[in-house]
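Student: One structure, pasted below without further comment.
Bear in mind these aren't lab numbers, they're just calculated from the coordinates by the rules spelled out. Source: prediction; values computed, not measured. Cβ: placed from backbone, ideal geometry, glycine included. Neighbour counts: every protein chain shown.
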Amino acid sequence: MSGDDACAPVRVVVGVSGSLGSVTALSRAAAEARRRDAELWPVLVWEPPGGELATRRSPASVLLVDEWRRMARQRLLDVLEEVFGDAGPGTPVNGLVVRGTPGLSLVEVADREDDVLVVGAGRRGWHRAFSGRVARYCLSHAHCPVLAVPPSPLEETLASAHRRNSWHLPLDSRQLS
């Protein structure tokens, strides 16, 4: 830790993608930032469609990078507006848009020992093998405390309704309460 970090404000860094899991993590991170009297750092990490290799292969994609960056910035603003509205999170916010891979980028942003990194833990059950990669990466590589937020119960209810719709099964609305 450098001397500059000693007087820097405490930060709660949170990965935001717009998914229901990341929205749950963002809400939890805001509560944690208020509790610690810290700054909230929502981070949206983006990669070009097809990945970095595809971008280097196509000369046309170079022209689209600014547009993709603008779209990522707008997505972050939209998520913050949806979650907090005009009232805001009740703590200073420093939104950040980063080009890279999610796990590595979040760990690089949350680089201070007194930071707290908040990530969505992914879905439960057999889906976890495929959905919790970012959280697992952060838990194994971060040099600060990591808070892995479990999915909202609403997420499983919505996933169940989606599965029923996909299979054209009848849905009893009383099950959604």
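Student: How do the peptides 72-80, 28-36 rank, highest first, by the average count of neighbouring beta carbon atoms within 10 Å per residue?
Tutor: Packing order, densest peptide first, comes out as 28-36, 72-80.
Student: In addition: Given axes a ≥ b ≥ c from the Cα gyration tensor, I'd like to know whether the range 39-116 is rounded (a/c under 1.5), prolate (a/b larger than b/c) or oblate.
Tutor: In terms of gyration-tensor shape, oblate.
Student: On full extension of the chain, what length is gained from N94 through T157, given 0.36 nm per residue of separation minus the C-alpha to C-alpha distance?
Tutor: Extra length from N94 to T157 when fully extended: 19.4 nm.
Student: Same structure again: Taking R0 as 41 Å, what FRET efficiency do you get between R35 and E67 from their Cβ-Cβ distance, rounded to the nearest 0.05?
Tutor: 0.60
Student: Once fully extended, how much extra length lies between R57 and H141, figured as 0.36 nm per residue of separation less the alpha-carbon to alpha-carbon distance? Intermediate results must be reported in sequence, preceding the final value.
Tutor: Working: separation 84, 0.36 × 84 = 30.24 nm, distance 3.06 nm.
Extending this stretch completely gives an extra 27.2 nm.
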